[in-house]
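The values are calculated or read from the model by the stated rules, or taken from the named source; none is laboratory data. Computed from a prediction, not measured in an experiment: that's the story for all the values here. A quick note on method: Cβ atoms are made from the backbone with ideal geometry, for glycine too, and the neighbour counts reach across all protein chains shown. SASA here: full protein model, heavy atoms, side chains in, ligands and nucleic acids out. Shrake-Rupley method; radii C 1.70, N 1.55, O 1.52, S 1.80 Å.
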Amino acid sequence: MSETSTYKDKYEMVIGLEVHAQLKTNSKIFGREGCEFGKDPNTETGTITLGLPGVLPVLNKECVNMGILTGLALHSTIPSRCKFDRKQYFYPDLPKGYQISQYDEPICLGGWVQISNKKIGITRAHLEEDAGKLVHAGAAGLYGSSYSLVDLNRAGTPLLEIVSEPDMRSPEEAREYVETLRNILRYIGVCDGNLEEGSMRADANISIRPIGQKEFGTRAEIKNVNSFRSLVRALEYEFIRQAEILEEGGEVIQETRLWDDNAGITSSMRGKEDAHDYRYFPEPDLMPLEISKEWIEEIRSKMPELPDEKMERYQKAGLSEYDASVIVNQIEMAKYFDELLKTNVDAKTASNFLMGEVAAFLKEEKISIENSKLTVENFAKLLGLLKKGTISNNIAKSLVIDILKTGKDAQELVEEKGLSVISDESSILPIVQKIVNDNPEQVAAYKGGKDKLFGFFVGQAMKETKGRANPQLLNKLLKQELEK
């Protein structure tokens, strides 16, 4: 298949995304069964999940609260009334033979998500229940043939499906949109955004059109995209596939396609259904939901700080846009950093350590900062010692690793290892004089105009003092000796 760049001058991508976010509730959307990930198959089931005759759904109010909160975070309109509908289709992992969703009166209408270069419009967001999961076995399975097992733990898990406008024009924009949306959902606490566990999934709708044409082309929907990298690869592949069809005089058909991450291709799954194919009708067992202004304002009052707001605050505290974004995009790191700022440490210095030595250690040990031994109080103490000049920057970098490994008190480590900065002129001067006397050739070269050799003398002095010499005092004394 040709490279994407072959067709980029001729065709334009048009991308819209349907993101399914699993809500962080303790129970399912219409029943009391739990919905914790990782339980043994079919242990989180009950009469509602199994769709037994005579049982009636009861709406989980917390799902509605989370839907409203998400809508407010996405600048959506929360209608005064929404309702649930039956979406008719049969899968083996959906025992009722229909899904309870929202069709023409969803909980959220409109809105937008800001990415780096533009706003991506939100069409709607609606509440619905998830289906179960099929586990497919190989050919050497039961009875000597392939077979599938059904796990209904996920059936009935609450989802919020967020549908974007077809505003994205590249895989990179699609990736940034999903990353930004994931951050928002995690910050407001409605979804953990774990793509690997399937608690956030994206279906991508993509069509292409000749550059300059206003009408959209025929779209294909790509299912089974469970990582940012896969999303970009799937869209790039589908762009080329559709372009090659048009180049050969064919027509793109509307269909649902599966992404195979190992093979790096999409393959046809089924013809793409339209709304009428699902035979939506109002769910007879659930009354329409009235949402008062008071209810909306109560939820609004609980809105936490959003990523964009945190970015702005960090930049005002002295961080660059890049540094702020790195911390904001790691929600656990951002929570830690916020607590650190309450101790009145220098924001820039703290961020340098967090993004450098601390981040490298956490990555190597495969732990989060909240599970490390570097408490906020102890880290603030270490930064305080650095600010006072008690320790040098290099010593602080070494000590922060010691603290991460042992959890020892910063002040005790400095005293135990004798690492406080030497700021006594009478202690540093003899060392400086010895270095100057022992290196006559370098002194002559320095006086002859090779100014860069000054770093050599500094390095020698730091080596002698094990990095403990006060840098300002050391520089001053070296210059005095070298200019004699």
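Laid out as a table, the results:
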{"quantity": "Nearest-ten-degree value, helix 471-482 long axis tilted from longest Cα axis of the chain", "calculated": "40"}
{"quantity": "Nonlocal amide H pairs with residue 124, under 5 Å, H built at 1.01 Å", "calculated": "110, 163"}
{"quantity": "Rounded to the nearest 10 Å², the accessible area of residue 192 at probe 1.4 Å", "calculated": "60"}
{"quantity": "Structure-based [θ]222 nm, the chain - -39500 (n - 2.57) summed over DSSP H runs of at least 4, per residue, nearest 500", "calculated": "-11500 deg cm²/dmol"}
{"quantity": "Approximate shape of segment 425-482 as ellipsoid semi-axes (Cα gyration tensor, √5λ), whole Å, largest first", "calculated": "18, 11, 10"}
{"quantity": "Of all DSSP beta bridges in the chain, antiparallel share, percent nearest 5", "calculated": "90"}
{"quantity": "Reduced Cα scattering model of segment 334-417, Debye log10 I(q)/I(0), q = 0.12, 0.15 Å⁻¹", "calculated": "-0.29, -0.47"}
{"quantity": "DSSP-assigned coil residues among chymotrypsin sites (Phe, Trp or Tyr not before Pro) in segment 178-259, each with at most 15 further Cβ atoms within 10 Å", "calculated": "216"}
{"quantity": "Reduced Cα scattering model of segment 9-131, Debye log10 I(q)/I(0), q = 0.11, 0.12, 0.18, 0.19 Å⁻¹", "calculated": "-0.47, -0.55, -1.05, -1.13"}
{"quantity": "Rg/Rh ratio calculated on Cα atoms of segment 206-266 (Kirkwood radius)", "calculated": "0.98"}
{"quantity": "Relative packing of peptides 263-270, 58-65, 290-297 - highest average C-beta neighbours within 10 Å first", "calculated": "58-65, 263-270, 290-297"}
{"quantity": "Whichever lysines have a C-alpha closer than 28 Å to that of residue 214, once near sequence neighbours (fewer than 8 apart) are set aside", "calculated": "8, 10, 118, 119, 223, 272"}
{"quantity": "Computed P(r) (all Cα pairs; the chain; 20 Å bins; percent)", "calculated": "19, 40, 26, 13, 2"}
{"quantity": "Rounded accessible area of residue 75 (nearest 10 Å², 1.4 Å probe)", "calculated": "90"}
{"quantity": "Helix 61-73 vs. the chain, principal-axis angle (Cα, 0 to 90°, nearest 10)", "calculated": "60"}
{"quantity": "Equivalent ellipsoid, segment 327-481 (semi-axes from 5 times Cα gyration tensor eigenvalues, Å)", "calculated": "36, 16, 13"}
{"quantity": "Percentage relative contact order, segment 262-381, counting C-alpha pairs under 8 Å, at least six apart", "calculated": "20"}
{"quantity": "Tilt relative to the chain, helix 331-341 - C-alpha long axis, 0 to 90 degrees, to 10", "calculated": "40"}
{"quantity": "Heavy atoms of residue 348: accessible area, 1.4 Å probe, square angstrom to 10", "calculated": "70"}
